[in-house]
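Enquirer: Dumping the structure here so I can ask a few things about it.
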Amino acid sequence: MKKIRTVLGDIAPKDLGTTMIHEHVTADLSEAMKGTWGLFPQVSSEMLSLETRNFKFLQSGAWSISPDAMDPSGDDYVDFIVRELEEYKELGGKAMCECSVYGLMGRPYEDLVEISKKSDIHLVCGVGMYWDVVRPVKFKNMGEVELKALFESDLDNGFGDSGVRPGFLKATFSGLTEDGLPLPGELDVFRACACISAERGMPLMFHINMPPWGGDKIAELAKRAVSMGVDPGNLLFCHVFSLVNHPAGEQETILDVIKNHGQRFSIEPHKKLLDLGVSISFDNFGNMATAVSELGTGSLVNDYTTVSAIYELLKLGYGGQIMLGHDFVCKICAKAYGGYGYTRVPTFVRDTLGQLGYADAYERMVVQNPAEFLAF
Ligand SMILES: [Zn+2]
């Protein structure tokens, strides 16, 4: 009998309920974004403080250089997140995946237990490694074999003394080498995770940074995992919203957006992935990454365009392989700071797809698909 492993123990897949497949409750991105602020000398610290007058600026991409917006420390943090989860629960939310792995985890694993108990939300957390640049020092020299042993120990014994055991694996890809290949350290994490997934039949998520990753390169990665014995049904590619306007992984400037009268639109890379039998998640609804980032050169796809992509894919019959989420990754995503919190999917996305005649397909994407994907 398959089970889903939450931070409080195993549950039956039928008991999972409405699930956001890619969220964070304890992420700390400050290490990953360290140094980025220096690229924007025109931005003063006053512009980055977590105050009402700065919310719009922070939501438009500047959150990533704001130490305040990314800071999950503080004694009141757990209660802050529990309050954010309240509204999700009122909207029918029952569960979510906490995708903060090593290098991204901003709080002790014990906090996941407390957050889950206090909020009455099932949390399923992952094991794996975030970007190579933020790999914690104690894991720096680990190759594929050592990483596999580390992840297996966490799966069997839990993280430290917390009693928390992960329910899925996660590998992350940031940039590419000059030869267009994945970074060697990230490839080691990928192989370790793929081996375990193949051996244990466990769910495996891939985080891809797009650009520079385009549709064809991602499809190659899927094929590579499958060739290692991973069941395509156990594979999920996160953050594919970016492929809608960056299908080939090419960077686009704000001027490109203006010259092109808005955003490009493509679902071809998504179809290629889905035809391999893997799942994908549109998981940035309502968060700051859906606004055009005027500070940098990138443009990001908005909620309306993302729903258009889902609508087109549903019409083509791919509803069994799509999952949803918000990727709540810093405080500026919170309702308390002017964001949508964890509510954009169970309001805007649910209502829009419902009006388009896809209410059942929505339910499938947030209930049945996550339960099937997470069960092992
Ligand atoms: Zn994330």
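Enquirer: Classify the chain from the C-alpha gyration tensor, please: rounded if a/c falls under 1.5, else prolate or oblate depending on whether a/b exceeds b/c.
Expert: Values: a/c = 1.15, a/b = 1.10, b/c = 1.04.
It comes out rounded by the Cα gyration axes.
Enquirer: Starting at 0 and stepping by 10 Å, how many percent of the alpha carbon pairs of the stretch 1-76 end up in each bin?
Expert: 15, 35, 21, 18, 10, 1
Enquirer: Something else now. I need the GluC sites (Glu not before Pro) found in the stretch 35-139, filtered to DSSP loop residues with at most 14 other beta carbons within 10 Å of theirs.
Expert: Glu51
Enquirer: Work out how much length Lys138 to Glu90 would gain on full extension: take 0.36 nm times their residue separation and subtract the Cα-Cα distance, in nm to one decimal. Intermediate values should be presented prior to the final figure.
Expert: On the way: separation 48, 0.36 × 48 = 17.28 nm, distance 4.10 nm.
So the chain would gain 13.2 nm between Lys138 and Glu90.
Enquirer: Only helical DSSP H runs with n ≥ 4 go in: add -39500 (n - 2.57) per run for the chain, normalise by residue count and round the 222 nm mean residue ellipticity to 500 deg cm²/dmol.
Expert: It comes out at -9000 deg cm²/dmol, rounded to the nearest 500.
Enquirer: Something else about it: Among 173-180, 229-236, how do they line up from the highest to the lowest mean number of other beta-carbon atoms within 10 Å?
Expert: Top to bottom by mean Cβ count within 10 Å: 229-236, 173-180.
Enquirer: With a ≥ b ≥ c the root eigenvalues of the C-alpha gyration tensor of the stretch 13-152, is it rounded (a/c under 1.5), prolate (a/b larger than b/c) or oblate?
Expert: Since a/c reaches 1.5 but b/c is at least a/b, the shape of the stretch 13-152 is classed as oblate.
Enquirer: Give the distance, in whole Å, between the Cα centre of the stretch 106-169 and the Cα centre of the stretch 1-52.
Expert: Using only Cα atoms to place each centre, the spacing works out to 14 Å.
Enquirer: To continue, here is another question. With +1 assigned to the C-beta of every Lys and Arg and -1 to the C-beta of every Asp and Glu, and no other charges, what is the dipole magnitude of the chain about the Cα centre in debye, to the nearest 20?
Expert: Computed charge dipole of the chain: roughly 620 debye.
Enquirer: Report the antiparallel proportion of the DSSP beta bridges in the stretch 13-374 as a percent, rounded to a multiple of 5.
Expert: Numbers: 2 of 27 bridges.
Antiparallel: roughly 5 percent of the beta bridges in the stretch 13-374.
Read the figures in this text as sums done on the coordinates, not as results from a lab. Owing to the predicted nature of the structure, the values given are computational and were not obtained by experimental measurement. Virtual Cβ from ideal backbone geometry, glycine too; neighbours counted across all protein chains shown.
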